[in-house]
Amino acid sequence: MTHNFTIFILDKLRAQNFMTEEEFENVQYSLEILLSNIFKSIQVYLISFLLGLLFETFIMNLAYVLLRWHANGWHAKSSLNCSIFGIVTFVGIPLIFQKTNFIFPTFWILVLSLIILWCVFRYAPADTEKNPLVSVSERKRKKTLALISAISIICISLFFADSQISTLLITGLLVEIIMIHPLLYKINKRSYKNYENYQNQP
């Protein structure tokens, strides 16, 4: 559905008349990903709204997205699996937290924060087969920005947020850490460090 809608939009804009075939394919791919993410976000937030979890879902998802923006990481192979992941993770986890009144003690927030920072330093950014990070400078830039994002969110959770928000922020970061960890790639039989299959660029 997303693919057909993307083609429909580009046809209406007559985009192919103003681009080379390669440029058109890149724009089509980027737009398709954007629209797919918008549709999936609507699903997640609609369900969270119906369950009275809109705020909790937003906080956890915000931490995840801010780190993932630079750390990248594993992608589900199908749109359906991605939708299921989003609903289970960003609605299911906050729902469990709400029903059990679960919060991380300060000690565990500190411990988990150190684990998060180490993993970001060690594994970010993690690429995929479809989007290998070939450029050395781009990988360094993304790692730096991922560390800045993680440190900023951790500082907010430690010094400015209450226990509930801190727990959601740290959990959002932990989800992204799982997404960049090589163990997840191995379990799903996906290749890791895909840029090594290409000649490195500056």
Mind checking whether some residue in segment 75-86 is modelled with pLDDT of 95 or more, in contact with a Ser or Thr (Cβ under 9 Å, 6 or more places away or on another chain), under 29 Å from PRO132 (Cβ atoms) and of a type in the set (A, V, I, L, M, F, W, C)? no
Hey, any hits in segment 157-175 for a residue that's open to solvent by 10 Å² or more (accessible area, probe 1.4 Å), under 27 Å from VAL44 (Cα atoms), not in a helix (DSSP H, G or I) and not hydrophobic (A, V, I, L, M, F, W, C)? yes
Given ILE148, ILE180, ILE154, which one is among the hydrophobic types (A, V, I, L, M, F, W, C) and open to solvent by 80 Å² or more (accessible area, probe 1.4 Å)? ILE148
Can you pull out every residue in segment 93-107 that is hydrophobic (A, V, I, L, M, F, W, C), within 13 Å of LEU169 (Cα to Cα) and in a helix (DSSP H, G or I)? ILE93, PHE97
Scan LEU62, LEU67 and give me the residue that is surrounded by fewer than 20 Cβ atoms within 10 Å (Cβ to Cβ), in a helix (DSSP H, G or I) and not aromatic (Phe, Trp, Tyr). LEU62
Name the single residue, out of those in segment 96-118 being among the β-branched types (Val, Ile, Thr) and in contact with a Leu (Cβ under 9 Å, 6 or more places away or on another chain), that is surrounded by the fewest Cβ atoms within 10 Å (Cβ to Cβ). THR106
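The values are calculated or read from the model by the stated rules, or taken from the named source; none is laboratory data. No experiment lies behind these values; they were computed from the predicted model shown. All Cβ positions, even for glycine, are placed from backbone atoms using ideal geometry, and neighbour counts span all protein chains on display. Protein only, heavy atoms only, side chains kept; ligands, DNA and RNA dropped before computing areas. Shrake-Rupley method; radii C 1.70, N 1.55, O 1.52, S 1.80 Å.
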